[in-house]
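A.B. asks: Encoded as C-alpha cells, here's the structure I'll be asking about.
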C-alpha cells in the first residue's frame, strides 16, 4: 500500500510523513498540536485550507518583505527557467542573474564590500563565514586564531557550526554543541540587564569590556572573529543600545578580531535602513544575508566579503590553488532571478523608507497601546521589528514563571483573532516583523488585535 492510497486528508498525511522543524514531534504526531496548512497569500495576509484569512504579522519567518502574491517575482522565475533552469558556479562558471545580483548587493552595501558568495540559507551563510575567517587567519600565518565569539540569545543558524554560534540552549544541549571553538558573551538588553542608575552608554561600555576581558582571557592570538546581529532577532528583538557598536568595534580592532555582521533578518530594509550596519555605523569584515534577499520566494543566501578579507583570499589561492568550499546550488540562476525581481520591488516601491516611516508610526502605536498596561514591562523595536515583553509585576519588576507560557498564550489568542505574531523564546513576550509593504491602517489594525489578545489573556490570569 502506498502512503497515499486510501487517504485523502492532507492533515493525516502531514502528521504521518512530514518531519517539521522546530516542532514537538510527539505532540504533533498525536494530534495535540494543530496541523495548520497554509494554502494562499496576498499582501500581508495568508489563508489556511479552512478559509481562515490572517494578517501575517511576522512575514513568514522575518522574510516576506515585499508581501505575498507578487506576480513580478513569479514571472521573473518562469522567464529564467525558460532560459536556464540550472548550472553550477564552480571553476568560474557563472550566470547573468547571479552576476547582476552580486554587483547590486555590493552597490547597496558599499563600505568596500564587493564580493558575494551564495548559498541557500542564513545558516549556510554563517557556515561559509566561519570557514572564510579560519582560512583568512591561516593564510596570514596565524592558524591558532580559531575561536569564534557570539552572543547569548543570538541566532546564527541551526547547522553544526552556525548552531554552535547561536546562543540558545535548545540548539545545543541535545546535540553536543557548541563546538569547543565557540564562546559566548552577553547580548545587549539594557532594560533587563542594566545596573541601577547605569546609562545606556555606560552599559554598552561595560559589555564591550566584558568582551575584551574574554578575548584577553582566551588570548588574542587565539580569537578569530565576533559574530553578531545588528538587532538581536529570535532572542527577543533587541535593538542595540547607545554606544554599543562604537565600543565593541574598538575592542575588535585592538585585538585583530574580524567582525561578522549577521544581517539575515536586518538586511534589505527591515530596520528602516537598507542594512542594520548602516543604521548603527557598523563596518563589518564579512556579512551574512538571506531572508529579505528574495523575500522568501526562493531559497538564497549570501556571504559578503570586504576588500580587506578578499585580498587575503586571493593570496591564499595563489599559494594553494582553488578555494575549496561551495554548494551544488550556489548562485542558482532561478533563485538569483527571484532575488533581483524582489530587489526591484523594494527599490521601486520605496519599501526601505516605508519601513522607516510606517515603522515609526507602528512603534508609536505599540507604545501608546501597551506601555501603560500592568502586564507589560517593555515595548521595544526599530523600523518594522518590535517586541512587547510581559511581566507579572512592573514595580518591583517580577517576571512570570516561564512554564506559564504567557507569550505563547497571547500569540494563540492573537491567532484566533486573525493575527499571526511570534512568541519570543528567550523573553516572555510577542514579536512583530510584518511585511515592509505595511500601511498605516494595517499597522494600527495589528496593534489593535494584539492589544485585544493581551487583554484577553490578562483577564484569564
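Each value in this text was obtained by applying a stated rule to the coordinates, not by laboratory testing. These figures come from a predicted structure and were not determined experimentally. Here Cβ is always computed from backbone atoms with ideal geometry, including for glycine, and neighbour counts include all displayed protein chains.
A.B. asks: Of 173, 262, 428, how do they rank once you tally other Cβ atoms within 10 Å and put the fewest first?
C.D. replies: 173, 428, 262
A.B. asks: Over segment 72-348, what is the relative contact order in whole percent, taking alpha-carbon pairs under 8 Å and six or more residues apart?
C.D. replies: Relative contact order of segment 72-348: 28 percent.
A.B. asks: Once label points are set 7 Å from the Cα along Cα→Cβ at both residue 72 and residue 313, what is their separation, rounded to one decimal in nm?
C.D. replies: Here the modelled spin labels are 2.9 nm apart.
A.B. asks: Which whole number in µm²/s is D for segment 189-296 by Stokes-Einstein, with the Kirkwood Rh taken over Cα pairs at 10 °C and 1.306 mPa s?
C.D. replies: 109 µm²/s
A.B. asks: Something else now. Rounded to the nearest 500, what is the 222 nm mean residue ellipticity of the chain from helices alone, with -39500 (n - 2.57) per DSSP H run of 4+ residues and division by all residues? Working shown, then result.
C.D. replies: Values: 16 runs with 189 residues, N = 461.
Calculated from helices alone, the mean residue ellipticity at 222 nm is -12500 deg cm²/dmol.
A.B. asks: Here's a follow-up. Quick one: 33, 148, fewest Cβ neighbours within 10 Å first, how do they rank?
C.D. replies: Working: 33 15, 148 28.
Ranked by crowding around the Cβ, least crowded first: 33, 148.
A.B. asks: Now a separate question. Which order do the peptides 357-366, 154-163 take when ranked by the mean count of other beta-carbon atoms within 10 Å per residue, highest first?
C.D. replies: Ranking the peptides 357-366, 154-163 by packing returns 154-163, 357-366.
A.B. asks: Right, something else. Along its three principal axes, how long is segment 322-461 when you only count alpha carbons? Whole Å, largest extent first please.
C.D. replies: Extents along the principal axes, in whole Å: 59, 38, 28.
A.B. asks: Distances over 20 Å make up what percent of all Cα-Cα pairs in segment 235-319?
C.D. replies: Of all Cα-Cα pairs in segment 235-319, 43 percent lie more than 20 Å apart.
A.B. asks: Need one number: convex hull volume per residue for segment 126-259, Cα atoms only, in Å³.
C.D. replies: 100 Å³
A.B. asks: What's the ranking of 376-383, 431-438 by average number of surrounding C-beta atoms within 10 Å, highest first? Walk me through the numbers before you get to the answer.
C.D. replies: Details: 376-383: 22.9, 431-438: 27.2.
Highest mean packing first, the order is 431-438, 376-383.
A.B. asks: Using the per-residue mean of other Cβ atoms lying within 10 Å as a proxy for protection, in what order, highest first, do the peptides 189-201, 404-416 fall?
C.D. replies: Peptide ranking by packing, descending: 404-416, 189-201.
A.B. asks: Going by how many other Cβ atoms sit within 10 Å of their own, how do 89, 301 line up, fewest first? Write down the numbers at each step before the final one.
C.D. replies: Working: 89 20, 301 28.
Placing the least packed residue first, the sequence is 89, 301.
A.B. asks: Right, here's the next one. Per the Kirkwood treatment, what hydrodynamic radius in Å, one decimal, follows for segment 1-151 from the mean inverse distance over all distinct Cα pairs?
C.D. replies: 20.5 Å
A.B. asks: Using a Förster distance of 22 angstrom, determine the FRET efficiency expected from the C-beta separation of residue 18 and residue 48, and round it to 0.05.
C.D. replies: Taking R0 as 22 Å, the efficiency between residue 18 and residue 48 is 0.90.
A.B. asks: Report P(r) for the chain: all Cα-Cα distances, bin width 10 Å, range 0 to the bin holding the largest distance, values in whole percent.
C.D. replies: Binned Cα distances yield the sequence 4, 19, 30, 27, 15, 4, 0.
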